[in-house]
Amino acid sequence: MTAEWNREDLARLLALEDFSEIYAQADEVQRREKRDVVQIRAILEFSNCCRRRCRYCGLNAENPRVTRYRMSVQEMKEAAAEALEAGYRTIVLQSGEDPGFPAEDIGEVIRFIKQKGAAVTVSCGEWPSEVYAYWRDCGADRYLLKQETADPALYGSLHPCGTLAERVGCLRELKRLGYETGSGFMIGLPGQTLDTIAQDLLLLAEIPCDMAGIGPFLPHPDTPLRDCPEGGSELTMRAVALARLLLPQCNLPATTSLGVLSGGARRSVFSCGANVIMRKVTPEPYKSYYEIYPANLGRTEVRRERAELEDWIRSMGKTPV
Ligand code: 5AD
């Protein structure tokens with residue numbers, strides 16, 4: 001039945017007074033497709049320099065209050081090696097869209113991680129096809145590039161530096177190159193409606209995405225959207241549940257932003273569709289400079305944080321991998 005859902009149906013479902021039946025269905029599909037396994041991934045935020053001016057993001061190029069950094073290749077290899085020793089099997093290499101960071105340096109780190117037998121996800125924004133192809137040749141398995149919103153007008157008003165068509169073009173190119181392709185969007189952007197979220201879900205299915213990060217918008221005080229209200233965790237979880245029904249095999253993280261909104265929310269998100277969780281392994285002081293939205297992050301302690309996360313996942317009756 002899910003395959004036939006259209007925009008109106010999805011918007012109507014998102015607005016249901018009682019969503020419990022959909023949550024139960026999403027949970028059932030997740031158990032069937034993902035066998036109660038929760039994948040833990042390490043994120044290494046290796047540069048916070050960004051040429052974009054996304055109006056919601058704390059790292060946008062126009063925010064002068066950010067201490068900008070670029071990690072060296074050596075620092076990146078050390079941080080990745082530490083994460084692998086702690087048990088992580090996937091490293092996500094994430095940065096702002098940083099033309100000052102050589103693609104070859106990223107390639108070298110990709111090869112280093114692949115030699116150690118782990119999977120690599122790259123999340124560095126929009127680049128020409130040749131750059132994506134080069135990283136793929138270096139061994140990158142996956143690429144994350146969120147659509148942010150599937151409404152072209154809303155996309156345009158939030159992104160002075162790009163269009164939705166360009167973004168979708170990149171997603172299609174990544175698919176063509178054989179990447180496991182991840183997208184995703186924010187809940188609660190100013191001007192967004194339930195119909196927008198329905199469009200967002202349908203775009204995930206149209207690509208079709210192998211991963212989708214759906215998280216609440218959280219206002220950052222140093223951005224033009226500082227006074228806008230944050231997105232809701234309930235609506236976020238509803239969107240995750242519908243994504244699970246539309247794309248049964250998709251990897252759906254319980255996003256960090258959802259965890260920021262409410263520590264308890266992540267517990268329930270694993271029972272309404274999500275099957276992935278990410279942990280920052282970015283060393284200090286860099287981690288504190290990578291502030292996309294306000295978050296009270298503790299010090300990075302790779303081993304201890306990984307062990308605690310595994311215990312917490314087991315306490316929910318799931319298997320951490
Ligand atoms: N609130 C929530 N999520 C945000 N992102 C960027 N800024 C914010 C914000 N203020 C998300 C976007 C982006 C990812 C790196 O973080 O979805 O793709």
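3J(HN,Hα) along the range 68-83, derived from phi through the Karplus expression 6.51 cos²θ - 1.76 cosθ + 1.60 where θ = phi - 60°, amounts to 7, 8, 9, 6, 7, 4, 4, 4, 5, 4, 5, 5, 5, 4, 5, 5 Hz, with x in place of Gly and Pro.
Checking the Cα-Cα distances for LYS34/LYS280; LYS34/LYS287; LYS77/LYS175; LYS146/LYS287; LYS175/LYS318 against a 25 Å cut-off, the pairs over it are LYS34/LYS287; LYS77/LYS175; LYS175/LYS318. Scanning residues 5 or more positions from VAL37 or on other chains, those with amide H under 5 Å from its amide H are THR319, with H placed 1.01 Å from N in the peptide plane. Using C-alpha pairs below 8 Å separated by at least 6 residues, the relative contact order for the chain is 26 percent.
Under the combined filter of DSSP loop state and at most 16 neighbouring Cβ atoms within 10 Å, the range 191-265 retains these trypsin sites (Lys or Arg not before Pro): ARG226. Between GLN74 and ARG89, the modelled labels are 3.3 nm apart [label points 7 Å from Cα along Cα→Cβ]. Between the range 82-125 and the range 185-248, what's the alpha-carbon centroid distance in Å? After rounding, the separation between the Cα centres reads 26 Å. How much accessible surface does GLU85 have with a 1.4 Å probe, in Å² rounded to 10? My reading of the accessible area for GLU85 is about 130 Å². Multiplying the residue separation of ARG176 and ALA295 by 0.36 nm and removing their Cα-Cα distance gives an extension gain of 39.3 nm. With R₀ set to 41 Å, the beta-carbon distance separating ARG314 from GLU8 gives a calculated FRET efficiency near 0.50. Taking amide H positions as modeled 1.01 Å from N, with prolines and chain starts lacking one, the residues under 5 Å from ILE214 and 5 or more places away or on another chain are PHE185, THR255.
What relative contact order, as a whole-number percentage, does the range 52-172 give when Cα pairs under 8 Å and 6 or more residues apart are counted?
Relative contact order of the range 52-172: 26 percent.
Site pair GLU28 and ARG65 shows an inter-label distance of 4.9 nm when each label is modelled 7 Å from Cα along Cα→Cβ. The gain in end-to-end length when the ASP105 to GLU21 segment is fully stretched comes to 25.4 nm, 0.36 nm per residue minus the alpha carbon separation.
In order along the range 297-304, phi translates into HN-Hα couplings of 8, x, 5, 6, 9, 4, 5, 5 Hz, rounded to whole numbers, per the Karplus curve 6.51 cos²θ - 1.76 cosθ + 1.60 with θ = phi - 60° and x for Gly and Pro.
Listed values for the range 26-39 are Karplus-derived 3J(HN,Hα) couplings in whole Hz (6.51 cos²θ - 1.76 cosθ + 1.60, θ = phi - 60°), namely 5, 5, 5, 5, 4, 4, 5, 7, 10, 6, 6, 8, 10, 7, and x replaces Gly and Pro. Measuring nothing but how far apart in sequence close Cα pairs (under 8 Å, 6+ apart) lie, relative to its length, the range 169-321 scores a relative contact order of 19 percent.
The values are calculated or read from the model by the stated rules, or taken from the named source; none is laboratory data. Remember, predicted model here, so these are calculated numbers, not experimental data. Backbone-built Cβ (ideal geometry, glycine too); neighbour counts: all protein chains shown. Please note that ligands, DNA and RNA were not included when accessible areas were found on the heavy atoms of the full protein model with its side chains. Shrake-Rupley method; radii C 1.70, N 1.55, O 1.52, S 1.80 Å.
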